[in-house]
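Heads up, the thing below is written out as structure tokens.
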Amino acid sequence: MDTLSRWLGAPRGLLILFGTVVALPAATLVFLGVRLLQQDRELARQRRAEVLQQSSDRAVRALGDDLAALQRRLSEPSWRPTDAPPGSLYVLMTPGEVRPTPSSALAYYPVVPKLKDPPAAPFGELEAIEFKAQDLPKALEISRRLAGSADPPVQAGALLRQARILRKMGRTAETLPIYGTLATVTGISINELPADLVARRTRCLLLKELARPDELRQEAAVLDADLGPGLWPLDQVSYEYISAQLDEWLGPARRPDANAKALAAAVDWLYRQWTRVPVGELGPNGARSLTTDGTAVTVVWGSAGERLAAFAGVREYFEKEWVEKARKAASPADVSLLAASDPGAPRAPVGADTLVVRRSAADTGLPWTVVTTLRSDVNAARFEGRRRMLLTGLAAVLVLVAAGSYFVVRSRNREVALTRLQSDFMAAVSHEFRTPLTALQQFNVLLDEADDLTPEKRRTYYQAQGRATERLSRLVESLLDFGRMEAGRRPYTLQRVDADALVRDVVHEFQQEIQSHGFDLRCSVEPGKYPVDADPEALARALWNLLDNAVKYSAERREIDVSVGQTDGEVSISVRDRGIGIAAGDQKRIFQKFVRLVAATSRGIKGSGIGLAMVQHIVAAHGGAVRVASVEREGSTFTIVLPVGRIQESGVRNQGAAKAPVPESRIPNPDS
Ligand code: ADP
């Protein structure tokens, strides 16, 4: 608070000067620093955006190269499908035929290959007996015989009829092995479906009817396993139909291969597009992403003459085989692919400061949207380092400015305070000089002009002139002495002195000086000896100054006690008054030269502010200390503490200052 008010107390001119010379450049520096930081950040962001753009270009180029190479291979007339990695398949299409590789891959056949139907001719007799004569046992026997045929179509037709007759006879359970045999016959169709598939499906239906759940589950599971790898050439409708039945039999445990279904759907889509009229709408080669039940598949094709070769892969395949390569090319950016039908978000989480570039399929000719991302921490460490350096620099500048300002203001305040103290001192000293000088002048005029003065009066005037002259010379002496002390040129000649005698002499002398002021000046010395090593003249001056102050700063109670005592190898000389007292906060600084308290100046008490500084100087030169104890409006006690003398007593015992030198008196003199 005190510092603040001192700050505010500084003259406006200085503040303005300071503001222009120091604060303004500092503020400008801070402003420029912050701007530089912002620009740096913006520049870093632009650089990152450029890096990302280039990364994105490289990623698109890498993906495009891979795609073009695949399309070139697929367009070569000599191309033959090879086994494709998991999650992908090759397919060769000709009008009316779709051949996937691996052959076990599920593929919907838009045109189901024609299988042989069982002939009707060999079963004429059997059907006449069965339906017309209704002789079921006989019909059964005939069917058994025909089932032994080596011709698969006849065998299949016979087995089917045998099972039908047995069912009519109520012997359902016996039909199971019949269908079991039919399940081994391949290449025959029953109602447009392969006979072995029909037989296995019928066995499952029978097991359900016969309430044999364990066997049903077992057989259905095997059928499901065979249906998945596309053992039979089915169109999508037939596949879905049987798949739905398997769902019913196997319940929630059934987990159809989503990838295989999605790949099959993509191939089916491609075939339909290719064979659609007008032909060629698809283009000779191309690529497309499709999503089936949430599974994204990319299909790439190339045609040569009458055939179309294609490759289809799920997202995981492309992630593993293609995107990894693109990522290497795009480093330090990251790459992910979005199928055209994917919901927009890139798969990598995007932080607030992550830059993203999306290149759409229309833009790149690729079957995906290519998303390239660059995280903020790339290059961030370098930027952070620069930022920290700049901030540290700014902080250092600010600290320097603040510290500099503090010292400038402090020294300026000290200077102002010292100047004020010095001018106060000059005013006080001038006044001290003026008083005896005026007295001298007046007595001179009186002595000169009044001829009728009695000798008595004349003597009194001369005596008064003498006192004024003595006062002037004491004042000059005191000032010169203080100057010498300050300059360290005041020699102290120490000798064994009895403090009690010295004190008594000074008090006696002082008593003479103030006798007309109505003070009760008491001096008490405890019995004993008080030897000190002192310069008697200097010590007397110190004591005189304390007594002088006690008189000046007393109020109504005009009592002063001087005492001499000894404790712990120290001799103490105390002067106690019952005057205005000194606030605790001021008790230290009153020993500084020129310091005068408001309590003194506001009461109009005269003084120069060097008395106590002299006391302290003298006492310190004797290896002692001055202490003050004071309570405002109750009084003060100043104590000079000196070490007990150690100098060997000389033959001549010094009786203190036989004639104590009397320092500058500042007591109002009625005669002056
Ligand atoms: P001066 O008395 O000439 O002003 P000093 O150095 O002797 O100078 O004292 C410094 C200040 O200390 C005085 O102005 C006064 O405010 C305060 N002071 C000194 N002695 C006393 C005292 N006995 N009682 C109250 N205040 C004192």
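Scan the stretch 205-226 and give yes if some residue there is more than 30 Å from residue 120 (Cβ to Cβ), among the basic types (Lys, Arg) and touching an Asp or Glu at 6+ places or on another chain (Cβ under 7 Å), otherwise no.
no
Table: residues versus (1) surrounded by fewer than 17 Cβ atoms within 10 Å (Cβ to Cβ); (2) of a type in the set (Val, Ile, Thr); (3) more than 30 Å from residue 358 (Cβ to Cβ).
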site	(1), (2), (3)
42	yes, no, no
50	yes, no, no
73	yes, no, no
98	no, yes, yes
103	yes, no, yes
106	no, no, yes
114	yes, no, yes
122	yes, no, yes
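Say we look at the stretch 466-513 and pick out the residues that are of a type in the set (D, E, K, R), in a helix (DSSP H, G or I) and out of contact with any Lys or Arg (no Cβ under 9 Å at 6 or more places or on another chain); which of these is farthest from residue 621 (Cα to Cα)? Please lay out each step first, then the result.
The initial filter retains those residues of the stretch 466-513 that are of a type in the set (D, E, K, R), namely 467, 470-471, 474, 477, 481, 484, 486, 489-490, 496, 498, 500, 504-505, 509, 513.
If we keep only those that are in a helix (DSSP H, G or I) as well, we get 467, 470-471, 474, 477, 481, 484, 486, 500, 504-505, 509, 513.
From what is left, the residues that are out of contact with any Lys or Arg (no Cβ under 9 Å at 6 or more places or on another chain) are 467, 470-471, 474, 477, 504, 513.
Details: 467: 31, 470: 27, 471: 26, 474: 22, 477: 19, 504: 22, 513: 28 Å.
For the stretch 466-513, the residue satisfying everything is 467.
Output the residues belonging to the stretch 561-613 that are more than 6 Å from the ligand (Cβ to nearest atom), among the charged types (D, E, K, R) and farther than 20 Å from residue 538 by Cα.
Within the stretch 561-613, 561, 568, 576, 578, 586, 588, 589, 603, 606 meet the criteria.
Within the stretch 294-311, is there a residue that is part of a helix (DSSP H, G or I) and modelled with pLDDT under 90?
no
Output the number of the condition that residue 239 fails; it satisfies all remaining conditions of (1) surrounded by fewer than 16 Cβ atoms within 10 Å (Cβ to Cβ); (2) more than 60 Å from the chain's Cα centre (by Cα).
Of (1) surrounded by fewer than 16 Cβ atoms within 10 Å (Cβ to Cβ); (2) more than 60 Å from the chain's Cα centre (by Cα), only one is false for residue 239: (1).
Between residues in the stretch 397-420 that are within 26 Å of residue 592 (Cβ to Cβ) and residues that are of a type outside the set (A, V, I, L, M, F, W, C) and assigned to a helix (DSSP H, G or I), which pairs lie under 7 Å by C-beta distance while being six or more apart or on different chains?
413/6
Looking at 641, 619, 652, which one is away from the ligand (no atom under 15 Å from the Cβ), modelled with pLDDT of 90 or more and under 28 Å from residue 530 (Cα atoms)?
Step by step, each of 641, 619, 652 is checked, and only 641 is away from the ligand (no atom under 15 Å from the Cβ), modelled with pLDDT of 90 or more and under 28 Å from residue 530 (Cα atoms).
Could you tell me whether any residue of the stretch 517-540 is more than 26 Å from residue 479 (Cα to Cα) and within 15 Å of the ligand (Cβ to nearest atom)? Working first, answer last.
Within the stretch 517-540, the first condition is being more than 26 Å from residue 479 (Cα to Cα), and the residues that meet it are 518-532.
Now restrict to residues that are within 15 Å of the ligand (Cβ to nearest atom): 519, 521.
Within the stretch 517-540 (the criterion being more than 26 Å from residue 479 (Cα to Cα) and within 15 Å of the ligand (Cβ to nearest atom)), the answer is yes, since at least one residue qualifies.
Every residue, every condition in (1) in contact with a helix residue (DSSP H, G or I) (Cβ under 9 Å, 6 or more places away or on another chain); (2) over 27 Å from residue 603 (Cα atoms), yes or no:
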{"position": "486", "(1), (2)": "yes, yes"}
{"position": "489", "(1), (2)": "yes, yes"}
{"position": "501", "(1), (2)": "no, yes"}
{"position": "520", "(1), (2)": "no, no"}
{"position": "523", "(1), (2)": "yes, yes"}
{"position": "532", "(1), (2)": "yes, yes"}
{"position": "536", "(1), (2)": "yes, yes"}
{"position": "547", "(1), (2)": "yes, no"}
{"position": "564", "(1), (2)": "yes, yes"}
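Within the stretch 417-463, work out how many residues are surrounded by 15 or more Cβ atoms within 10 Å (Cβ to Cβ), out of contact with any Lys or Arg (no Cβ under 7 Å at 6 or more places or on another chain) and within 30 Å of residue 16 (Cα to Cα).
Number of matching residues: 1.
So if I check each of 507, 497, which one is touching a residue at least 60 places away in the same chain (Cβ under 8 Å) and surrounded by 15 or more Cβ atoms within 10 Å (Cβ to Cβ)?
497
Could you identify the single residue in 85, 95, 110 that is within 20 Å of residue 189 (Cα to Cα), modelled with pLDDT under 90 and in contact with a helix residue (DSSP H, G or I) (Cβ under 7 Å, 6 or more places away or on another chain)?
Working: 85 fails: within 20 Å of residue 189 (Cα to Cα); 95 fails: within 20 Å of residue 189 (Cα to Cα).
Only one candidate qualifies: 110.
The values are calculated or read from the model by the stated rules, or taken from the named source; none is laboratory data. Every value quoted in this text rests on a predicted model; they were computed, and no experiment measured them. Glycine gets a Cβ as well: all are built from the backbone with ideal geometry, and neighbour counts include every protein chain shown.
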